[in-house]
1. If only one of LEU58, LEU31 is open to solvent by less than 100 Å² (accessible area, probe 1.4 Å) and either under 20 Å from ILE167 (Cα atoms) or of a type outside the set (Phe, Trp, Tyr) (or both), which one is it?
2. Return the residues of the range 40-59 that are assigned to a helix (DSSP H, G or I) and either touching a helix residue (DSSP H, G or I) at 6+ places or on another chain (Cβ under 8 Å) or modelled with pLDDT under 95 (or both); say none if nothing qualifies.
3. For the range 91-100, does any single residue satisfy the condition of being closer than 30 Å to ASN70 by Cβ, in a helix (DSSP H, G or I) and either open to solvent by 40 Å² or more (accessible area, probe 1.4 Å) or in contact with a strand residue (DSSP E or B) (Cβ under 9 Å, 6 or more places away or on another chain) (or both)?
4. Could you list, in sequence order, the residues of the range 150-166 that are open to solvent by less than 70 Å² (accessible area, probe 1.4 Å) and among the basic types (Lys, Arg)?
5. Within the range 192-203, does at least one residue satisfy the condition of being within 15 Å of the chain's Cα centre (by Cα), closer than 19 Å to ALA57 by Cα and open to solvent by less than 80 Å² (accessible area, probe 1.4 Å)?
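The values are calculated or read from the model by the stated rules, or taken from the named source; none is laboratory data. Keep in mind the model is a prediction, meaning the values are calculated, not measured. Here the Cβ positions follow ideal geometry from the backbone for every residue, glycine too, while neighbour counts run over all protein chains shown. Please note that ligands, DNA and RNA were not included when accessible areas were found on the heavy atoms of the full protein model with its side chains. Shrake-Rupley method; radii C 1.70, N 1.55, O 1.52, S 1.80 Å.
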Amino acid sequence: MGKNVMAATVISGADGPTSVFIAGKGGKRKLSQRIRSAIYERKRKRVAEKIVANPHALNEVVEYIRDKYNAVEVCDESRSYLEERNSLKASLVLKHKPELLGDMREIERPKEYNEETMMAFMQQVDLQIKRAEAIPDETFPIDFHIYEIRFSDTVRVSISVENVWEILSVSYSGDKKMKGKMSQVSKDIYLYYGVTEEDIRNKSERYSGLVTTLST
């Protein structure tokens with residue numbers, strides 16, 4: 001392959017309806033990247049071996065973060081709330097009820113990947129997301145909440161909870177010096193949420209999310 005060849009991968013996931021990754025030189029990884037990947041996989045394996053069933057319901061998680069960390073709920077009219085809610089709703093519609101999107105149910109992938117075809121593809125993705133966001137809650141119910149643990153005006157841990165589809169997501173942002181503290185809080189929340197025996201047997205998304213969090 002020539003140096004200008006691009007490799008593109010399209011992935012659907014919980015963080016959004018579609019993510020597009022483009023890698024140069026055919027997507028080959030450097031030796032250092034392969035070593036880091038191998039180390040990470042070994043760490044995941046060690047973490048997975050230690051996980052035992054100790055589940056809690058989402059309402060228990062909310063009580064836990066309020067009591068232990070003084071978490072407060074984000075206003076459901078704030079821009080950050082609406083953006084995250086719409087993004088999650090679009091992702092859930094695509095995953096569980098794509099038929100509600102009508103002729104936007106599927107988007108044809110480009111036969112060739114270049115700037116023009118990728119731009120056209122992403123425009124279609126954007127239209128698909130907007131179609132999903134416009135579906136009435138009566139047709140596709142969603143019960144979404146965001147809670148924040150604030151260490152300062154700029155340092156915070158954000159906990160997203162969706163009760164209908166039972167989704168928990170924790171993220172954090174702020175001063176790099178606080179990264180270790182925020183990471184520990186995030187792991188503590190995921191550990192409290194825990195997993196069931198069935199999650200462990202089936203390697204469910206809940207189980208995979210816990211393993212990933214504890215491995216980072």
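1. Numbers: LEU31 fails: open to solvent by less than 100 Å² (accessible area, probe 1.4 Å).
Result of the check over LEU58, LEU31: LEU58.
2. Initially, the range 40-59 is screened for residues assigned to a helix (DSSP H, G or I), giving 40-50, 58-59.
Those that are assigned to a helix (DSSP H, G or I) and either touching a helix residue (DSSP H, G or I) at 6+ places or on another chain (Cβ under 8 Å) or modelled with pLDDT under 95 (or both): TYR40, GLU41, ARG42, LYS43, ARG44, LYS45, ARG46, VAL47, ALA48, GLU49, LYS50, LEU58.
3. So the first thing to find is which residues in the range 91-100 are closer than 30 Å to ASN70 by Cβ, and the list is 91-92.
Those left that are additionally in a helix (DSSP H, G or I): 91-92.
If we keep only those that are either open to solvent by 40 Å² or more (accessible area, probe 1.4 Å) or in contact with a strand residue (DSSP E or B) (Cβ under 9 Å, 6 or more places away or on another chain) (or both) as well, we get 91-92.
Yes: one or more hits.
4. Step one: filter the range 150-166 for residues open to solvent by less than 70 Å² (accessible area, probe 1.4 Å), giving 152, 155-163.
Scanning the range 150-166 gives a single hit, ARG156.
5. Residues of the range 192-203 within 15 Å of the chain's Cα centre (by Cα): none.
The answer is no, given that none of the residues of the range 192-203 is within 15 Å of the chain's Cα centre (by Cα), closer than 19 Å to ALA57 by Cα and open to solvent by less than 80 Å² (accessible area, probe 1.4 Å).
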